[in-house]
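Encoded as structure tokens, the structure appears first; notes follow it.
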Amino acid sequence: MEIKKIKADRDIIQDAVNIYNGVYAPLKGFLRQNDFKSVIENMRLESGEVWSIPIVLDIGRDDYERLKGEEELVLIDENGEARAVIKNIEFYLYNKEVFAKNVFGTIDPAHPGVKEVMEMGEFLVGGEVAEIFSEDKIFPDYHFTPAETKNIFNNKGWKTIVAFQTRNVPHKSHEFLQKKALEMTDAIMVHPVIGKKKPGDFTDEAILESYKILLEKYYPKEKTFLNILPIKMRYAGPREAVMHALIRRNYGCTHMIIGRDHAGVGNYYGSYDAHNIFDNFNKDELGIEILKFENVSHCHACGELKMDGDCEHGQENKFSISGTKMREMIKNREILPPQLIREEISEFLINHPNPFVE
């Protein structure tokens, strides 16, 4: 009998690929009901293993009526091409408000993650990702699976590798944190998120090209590795920080930088909520060491970048610029302040036709 099919969007298909490739380990599939409930309530699977964000496959009632009773299904893309097989499936209802409140800390529909949950189908489908038929290899020169990355690290002789998560072009403050972490480790993996983002964020291409400029000109090649992470942003703040750390562990990193407002949006999270959430876990169960770095700004009195608390000068001596202001300057083709960003990256951005998601 032919396996029934269900159309899935790009993000769901990418989640299936990430599950299959071990990016989301210990997950083996889209969450079944007991694991979903446990992740929502405790940031752990039913087994007790740490996992903080539900990875789910949602469907509407019509699809549920068509598929109920099936034991497996095939995910197809918008062109009707088969992309993944899901086996041992389970259908269940869920509460969207409980989902949103627990994961995002709010049910405000202005939050992009909440909005997405509220637009999901009525039912969830749990089940093992048993097979992947094809995978979109975007930016193939910088697209490596966890197995490939671990092999690369091993061949280079790196024992300690720090991960840097980003969905932005590199500021000098980012560079400061990365190089500080490099003093503690053998190498750094810069791991930009490549995938769905909210309007106003930098495009995938702008982020990747900016980092290629930075790493080529200002970093030791023998200690750096640029690798993309194909995943959508969920803007879940502290919970997403935990998921991002687990993902970097799966890629073979031993350390991860968590800075101010990791995976945040608007004013929904405190500046260092993504630091504090790691107090709920120990290093052994996470499998990765978290480097909790403070905010960095340029101090006029010191004449250099300083981490908050590392100099005695007041805020009147600190130079900083909001992301909103920076984006306005780029849109107006204004050269960005050299205290903020490397000149070559500034020139690249202001000469780019449009470096922002629309």
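No lab work stands behind these numbers, since they all come straight from the coordinates. Just so it is clear, the model here is predicted, and its values are computed rather than measured. For neighbour counting, all protein chains shown are included, and Cβ atoms are generated from backbone atoms with ideal geometry for every residue, glycine included.
Against the definition (in contact with a helix residue (DSSP H, G or I) (Cβ under 6 Å, 6 or more places away or on another chain), of a type in the set (A, V, I, L, M) and surrounded by 14 or more Cβ atoms within 10 Å (Cβ to Cβ)), how does VAL85 come out, yes or no? Taking the combined requirement at face value, the residue does not satisfy it.
Restricting the stretch 114-157 to residues that are among the aliphatic types (A, V, I, L, M) and assigned to a strand (DSSP E or B) leaves a set whose member that is surrounded by the most Cβ atoms within 10 Å (Cβ to Cβ) is VAL125. Residue check: is LYS28 more than 23 Å from the chain's Cα centre (by Cα) and in contact (Cβ under 8 Å) with a residue 40 or more places away in the chain? No; evaluated as a whole, the condition is false for this residue. Restricting the search to helices (runs of 4 or more DSSP H) fully inside the stretch 158-269 and requiring at least 1 residues that are touching a residue at least 40 places away in the same chain (Cβ under 8 Å) and of a type in the set (Ser, Thr, Tyr) gives 172-182, 204-218.
Candidates GLU289, GLU328: the one that is more than 27 Å from ALA110 (Cα to Cα) and either touching an Asp or Glu at 6+ places or on another chain (Cβ under 9 Å) or free of Cβ contacts under 8 Å to residues at least 40 places away in the same chain (or both) is GLU289.
All told, SER52 falls short of being among the polar types (S, T, N, Q) and exposed (fewer than 14 other Cβ atoms within 10 Å of the Cβ). Restricting attention to the stretch 219-239 and to residues that are under 17 Å from the mean Cα position of the chain (by Cα) and β-branched (Val, Ile, Thr), the residue that is farthest from ASP9 (Cα to Cα) turns out to be ILE228.
Remark: LYS331 matches the filter, which requires a residue to be over 30 Å from HIS255 (Cα atoms) and charged (D, E, K, R).
Here's the yes/no breakdown for (1) closer than 24 Å to ARG248 by Cβ; (2) in a strand (DSSP E or B); (3) polar (S, T, N, Q):
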| position | (1), (2), (3) |
| --- | --- |
| HIS275 | yes, no, no |
| GLU285 | yes, no, no |
| ILE290 | yes, yes, no |
| HIS313 | no, no, no |
